[in-house]
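The structure appears right after this line, and notes come after that.
Coordinate-derived values only; no laboratory data. If you're wondering where the values come from, they're calculated on a predicted model, not measured in any experiment. FYI the Cβ positions are ideal-geometry reconstructions off the backbone, even for glycines, and counts take in every protein chain you see.
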Amino acid sequence: MFLNRTEGLPLALPAALFTFLVFLVPVGILLSVAFQNVGGGFSLQGYVDFFAQPLNRTVFLRTLKLGVLVAAVSAVIGYAAAFCIVSLPATSRGRVFGLIVLPLMISPVARTYAWIVILGRSGIVNDVIVGLGLSRLPIRFLFTETAVFIGLLQLFLPLMIISLVSAMENVPKDAVPAARVLGANWMQVFFRVILPLTKEGLVVGGTLVFTGALTAYITPAILGGSKVLMLETLLYQKVNVSNDFVSASVIAMILIVMSFSANLLLKRIATAKR
Amino acid sequence: MKTFIPFVALSAALAANAAAAEGKLTISVYSFAQDAYKEALYDPFEEICDCELVIETGNSVERMAKIEANAADPVIDMAVISSHDALSLAQKGLLQPIDTSKLSSFDKLYPAAQDPLGDNMGVGYTFYASSIVYREDLVTIDSWGDLLGDDLAGNVSLPNITGTQGPLTLMMLDKAAGGDASDFTGTISDIGAHADDIVTFYSRSSELAQLMNQEEVIAAPVGRFAWSRFKSSPLPFAWAEPKEGQAGGMNVMIMTANNGNEELAYKLMDYWLSTEAQTRIAEALIDSPANMDVTLSDEIAENLTYGADLINSLNILPPSTIIAERDAWVDQWNTEVIR
């Protein structure tokens, strides 16, 4: 379209300026609070104070654990679903793909509230458990890590499936049959053929799911409440309850670092030589 | 002529705007029931004062932060807030004493509402009782101590320590355990020991109403101002009268320091505390009256914290205690309860 790269750059200027002014500058100002002492000088004391508190350490580790768990489980389910979808005829594939995308068009608030109905003491899951005699009394699911995990998985699984379907569509059609003919079992087919050919999709999906799980607020707030605090719900408390902007900025910085680290780590794994 | 008419119109608009700005009062209030407040208080007051009310809403932390951030050139002239938050602002020098001689209904206020912060830094405009709402078909509540008993294990919710109801619940649990409300360390440890029996620690009464209507929770402490949410439910909720009594709290009116709009602020305070306005606000089931002359029907009174006997019997936690101890309570809570 353009004769050289620089010719098109002015067209990107409005978007770049807009992003710089309304996103990067405010975020920079907000995050700078996390590196300041009372006198305004540079300090890492906010981080020391944050990690000195046992509750904050627990919340940090829980957020990391749930983020990794949601990303890992969604990758396992996502691969199975993606493999199934790309094997379908083109017309059916479009319909199934539409069904996968459909939840993304529904507000996370509505989707999360649905879990209250499903996981509640008088919800469908407990009705089945008590009905089958697996437990005499309803089991407490809400306000547990299990509930937050289920909610986050449901929220972000479509992103993983979409990423993996896109990646798997680029895998040569003959690759799997060829591997099978050459004597590979299904585990070998997956780890030696499918995974290497779809690792870019896994990196994109893994990053989206992990960072989404780290930063989602509504789902942990509704399904976990104050008993299962995550970094994002703790951040909200620091701002809206404690008026503690230093701790809130520290948490925001930790979340950003975790997101970038996850992306770099996944890319590293994907590009690592066997 | 074509340019003259818009010029005149613009001048007239600017003049009108300037006139309106002269009679503008900015107040900071809780965000709940604003439509009802508009009808019961704001609109009638604007008619009387011939001024414009600018309403700023938000939670306590946001509103306090705004008052503090604009201390040099106050944006908020007058605010209504909990007594302990008001004391916190007063201790930072952000408020000015209220000249009670400018409040014609001052002598009609319950004595506890006349100077709850000391030095006339605030005037109480509403009381609220706090007790336990429970499912009367499933459980009986005789004491605040029942909240941590075996009958309610796994079915009870407590307010979070960071909210207004949290410290009140600590006080009443301490009282039930034989304490004198001077030290809540043991009470917080006791809640921590029962943390697995508590479904969740709620932050807003609307959140609790939802949990109880979904039958996730069958008993929890809550302010009387939220009773209408439970009373209208098809489930059989009851309001407990524990042997230790009910807890109580008060919200107050405050005047920001050096706001330059004191005259209008006093006008609104005076109107808000008048028997007429307090009656209208109570009849709309917004706030319970602090004016002793307000007379309500039994039906209305049943929903509110009303009457000298009830108000004088409330266990009120001194705002100074909350301010002094809150950080220590939150630290211990985060270590032993939330974990």
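Would you mind ranking B:Glu244, A:Glu169 by Cβ crowding within 10 Å, fewest neighbours first?
Ascending Cβ contact count within 10 Å gives the list A:Glu169, B:Glu244.
Rounded to the nearest whole Å³, what is the per residue volume of the convex hull around the Cα atoms of segment B:243-330? Walk me through the intermediate numbers first.
Values: hull volume 12.6 nm³, N = 88.
Residue-normalised Cα hull volume stands at 143 Å³.
When every alpha-carbon pair in segment B:258-308 is counted, what percent end up more than 14 Å apart?
Values: 658 of 1275 pairs.
So the pairs more than 14 Å apart make up 52 percent of the total in segment B:258-308.
Order the peptides B:294-300, A:121-127 from the highest to the lowest mean number of other Cβ atoms within 10 Å of their residues.
Top to bottom by mean Cβ count within 10 Å: A:121-127, B:294-300.
Among B:74-81, B:63-70, how do they line up from the highest to the lowest mean number of other beta-carbon atoms within 10 Å?
B:74-81, B:63-70
Which value in deg cm²/dmol, rounded to the nearest 500, describes the helix-derived mean residue ellipticity at 222 nm for chain B, given -39,500 (n - 2.57) per DSSP H run of n ≥ 4 and division by the residue count?
Result for chain B: -11000 deg cm²/dmol, rounded to the nearest 500.
Find the percent of Cα-Cα distances in segment A:55-271 that exceed 24 Å, and round it to a whole number.
52 percent
Step through the table entries A:Lys173/A:Lys199; A:Lys65/A:Lys227; B:Lys38/B:Lys267; B:Lys38/B:Lys66; A:Lys65/A:Lys199, compare each Cα-Cα distance with 19 Å, and write down the pairs that go over it.
B:Lys38/B:Lys66; A:Lys65/A:Lys199
Name the residues of segment B:273-308 whose amide N is less than 15 Å from a point 7 angstrom out from the Cα of B:Asp107 along the C-beta direction?
In segment B:273-308, the label zone of B:Asp107 (backbone N under 15 Å from the point 7 Å along Cα→Cβ) covers B:275, B:292-293.
Please report the relative contact order for segment A:55-271, taking Cα pairs under 8 Å with a sequence separation of at least 6, and give it as a percent rounded to a whole number.
Rounded, it is 28 percent for segment A:55-271.
When ranked by the protection proxy of mean other Cβ atoms within 10 Å per residue, highest first, what sequence do the peptides A:28-41, B:317-330 form?
Highest mean packing first, the order is B:317-330, A:28-41.
Fewest to most neighbouring Cβ within 10 Å: what's the order for A:Ile106, A:Ile222, A:Ile129, A:Ile251?
Values: A:Ile106 10, A:Ile222 22, A:Ile129 17, A:Ile251 26.
Going from least to most buried by this count: A:Ile106, A:Ile129, A:Ile222, A:Ile251.
Averaged over B:202-212, how many beta carbons belonging to a partner chain fall within 10 Å of each residue's beta carbon?
The per-residue average across the peptide is 2.
For segment A:55-271, give the magnitude of the charge dipole about the Cα centre (Cβ charges: +1 Lys/Arg, -1 Asp/Glu; no others), in debye to the nearest 20.
280 debye
To the nearest 20 Debye, how big is the dipole of the protein assembly as shown about its Cα centre, given +1 on the beta carbon of each Lys and Arg and -1 on that of each Asp and Glu?
4420 debye
Suppose we take every Cα in the protein assembly as shown and form the convex hull; what volume per residue is that in Å³?
258 Å³
Evaluate peptide A:234-244: per residue, the Cβ atoms of other protein chains within 10 Å of its Cβ; return the mean as an integer.
Mean inter-chain Cβ contacts per residue within 10 Å come to 3.
Once you keep just the Cα pairs under 8 angstrom separated by 6 or more residues, what percentage relative contact order results for chain B?
So the answer I get is 26 percent.
Can you tell which of B:Pro221, B:Pro44, B:Pro289 shows the greatest fluctuation in a Gaussian network model of chain B with Cα springs below 10 Å?
B:Pro44
Calculate for chain A the 222 nm mean residue ellipticity that helices alone would give, adding -39,500 (n - 2.57) per DSSP H run of length 4 or more and normalising by residue count, nearest 500 deg cm²/dmol.
That comes out to -22500 deg cm²/dmol.
Over all residues in A:114-120, what is the mean tally of Cβ atoms on other chains that come within 10 Å of each residue's Cβ?
Values: counts 0, 0, 4, 1, 0, 0, 4.
Going residue by residue through A:114-120 and averaging, the value is 1.
Please work out the ratio of the alpha-carbon Rg of segment B:118-170 to 2.2 N^0.38 Å and round it to two decimals.
1.52
Return an integer: the convex hull volume of the alpha-carbon atoms of chain B, in Å³ per residue.
165 Å³
Suppose the chain between B:Asp99 and B:Glu68 were pulled fully straight at 0.36 nm per residue; how much longer would it get relative to their current alpha carbon spacing?
The span from B:Asp99 to B:Glu68 would gain 9.0 nm if fully extended.
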